[in-house]
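Any read-out appearing in this document is the output of simple, stated calculations on the displayed coordinates, not a laboratory observation. Treat the numbers as computed from the prediction; the structure is a model and nothing was measured. Here the Cβ is made from the backbone with ideal geometry for all residues, glycine too, and neighbour counts use every protein chain on show.
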Amino acid sequence: MTIEELKAKVDAALTGDAQTDIHYINTLSESVKREENAEELVSVLAEYAFDLLPDDQKKYMLEATFVRDMRMDKAFGEALKMIDAGKLDDAEQLLSEISDKIRTHFEEGETLWFSFRNPFEYHLYRTYYPTTTEFERAPFDFAHYLTIYGYVLLEQHKLEEAAAAVERGISFNPVNADYRFELAEICKLGRNADMLLRVNQDTLRVCTSADRIARTLCNMGYFCNMIGDLFSAGVFYFESIRFNPSKAVEWELQDVVRHMKEIGQKFNPPTHGQVIDTYEKYGLQPPPNDTVVELAVTLGKQAHGYGKPELEGLFYRIAYDLTREPEFLEIVKQVDEKLGFNQPE
């Protein structure tokens with residue numbers, strides 16, 4: 001979708017009632033995230049939403065979400081350009097200013113703010129944290145902004161500050177595994193085995209795809225290798241490959257096998273019982289997580305009942321990616337055909 005097409009669509013849909021129109025724009029923001037130029041489209045919609053706000057709310061938003069006279073998403077885009085250009089000092093300074101705005105206006109008050117990236121994350125959060133019912137949608141993806149800030153701090157060799165920034169980012173979206181991967185990398189560099197285990201435990205329960213499960217299990221292999229439990233490291237690397245074949249992980253497994261051989265131990269493909277025992281040893285539930293799968297299927301059925309094929313496709317795609325069940329793949333194919341999308345392999 002081009003920007004011109006989006007503007008024409010919005011202009012035709014506006015009713016003149018600010019509350020109704022802002023709700024429409026927020027809903028539209030979710031639907032355009034599958035577009036190749038999603039970032040540009042979301043930015044245009046943010047401008048529409050801002051213009052619709054009453055003057056008192058505009059004043060607050062200017063104070064809370066503008067950095068260097070730029071809307072925060074624009075400022076973040078400038079920071080990304082600095083990172084790409086290798087100007088890490090400049091990027092760190094700008095991201096620090098963004099971080100300060102987030103802290104002052106969205107962390108220190110009584111209101112809880114979250115930046116879920118899709119409807120499934122919203123429902124997963126409600127499933128895991130059922131008693132937390134009063135919260136607001138953050139105006140921008142603060143979880144992403146703070147995680148990138150953590151990445152820059154890590155590149156600047158500021159491990160403790162990097163970990164703190166990423167943990168703040170995770171607090172804005174506790175059910176997205178991707179942000180936790182950045183925290184795991186910080187644990188690796190800091191040789192913090194205890195924290196790495198906790199991060200992996202938290203990550204595995206929110207994985208919504210096979211590749212995320214595989215990455216978490218690879219990190220568990222790294223952890224076990226770090227503490228000298230070579231057999232368990234081999235099991236986790238073996239499991240990682242089962243969920244998502246990877247040459248890099250195969251090399252890690254071969255390295256563990258070589259080290260075991262050097263100390264007179266053998267590694268054979270683990271039995272089912274050995275795999276289960278290894279997961280339990282480190283407080284992990286063997287993936288995929290039944291809670292995540294069941295939620296995806298339930299939401300998929302509800303979306304079908306409400307006649308919302310885009311949501312139906314999203315939810316069943318998660319169920320299929322986690323289980324590889326043919327029935328879920330068939331539903332995804334039918335939905336994609338209806339919507340005109342390319343079908344999954």
- Query: Rg and Dmax of the stretch 287-345, using alpha carbons, in Å: what are they?
  - Reply: 10.6, 32
- Message: Give me the percent relative contact order of the stretch 171-262, please, defined on Cα pairs under 8 angstrom at least 6 residues apart.
- Response: 23 percent
- Can you pull the Rg over Rh of the chain, Cα-only, Kirkwood? 1.00
- Query: log₁₀ I(q)/I(0) of the stretch 2-41 at q = 0.15, 0.26, 0.29 Å⁻¹, via Debye over equal Cα point scatterers, no solvent, to two decimals?
  - Reply: -0.34, -0.91, -1.04
- So what is the relative contact order of the stretch 109-227, in percent, for Cα pairs below 8 Å that sit 6 or more residues apart? 20 percent
- Using eta = 0.692 mPa s and T = 37 °C, Stokes-Einstein with Kirkwood Rh from Cα pairs puts D for the stretch 184-278, in µm² s⁻¹, at 246 µm²/s
- Query: Roughly what would the spin-label model give for R191 and S96, points 7 Å off Cα along C-beta, in nm?
  - Reply: 2.9 nm
- The simple spin-label model distance between D89 and H272, using points 7 Å out along Cα→Cβ, in nm, is 6.0 nm
- Item | At most 13 other Cβ within 10 Å, DSSP loop - trypsin sites (Lys or Arg not before Pro), the stretch 9-88 | R68
- So if R0 is 45 Å, what FRET efficiency would E160 and E262 give, r being the distance between their Cβ atoms, rounded to the nearest 0.05? 0.80
- Query: Setting aside same-chain residues fewer than 8 positions from K188, which lysines have a Cα under 29 Å from its Cα?
  - Reply: K81, K87, K158, K247, K261, K266, K281
- Note on the structure: Cα gyration tensor of the stretch 48-102 diagonalised, 5x eigenvalues square-rooted, in angstrom largest first, produces semi-axes 26, 11, 6
- For K9, list the lysines whose Cα falls under 25 Å from its own Cα; do not include residues on the same chain fewer than 8 positions away. K33, K58, K74, K308, K338
- Apply the Karplus parameterisation 6.51 cos²θ - 1.76 cosθ + 1.60, with θ equal to phi minus 60°, to every residue of the stretch 189-203 and state each ³J(HN,Hα) to the nearest whole Hz, in sequence, with x for glycine and proline. 5, x, 6, 9, 5, 4, 5, 4, 4, 4, 4, 5, 4, 5, 5
- Note on the structure: Using alpha-carbon positions, the gyration tensor of the stretch 248-336 gives root eigenvalues a ≥ b ≥ c; with a/c under 1.5 called rounded, otherwise prolate if a/b exceeds b/c, else oblate, the class is prolate
- Taking every Cα atom in the stretch 145-232, find the radius of gyration and the maximum pairwise distance Dmax, and write them in Å. 12.5, 38
- Message: Please compute one quarter of the surface area of the Cα convex hull for the stretch 1-146 and express it in square nanometres.
- Response: 10.1 nm²
- Query: Which trypsin sites (Lys or Arg not before Pro) in the stretch 248-293 pass both tests, a DSSP loop state and at most 14 other beta-carbon atoms within 10 Å?
  - Reply: K266
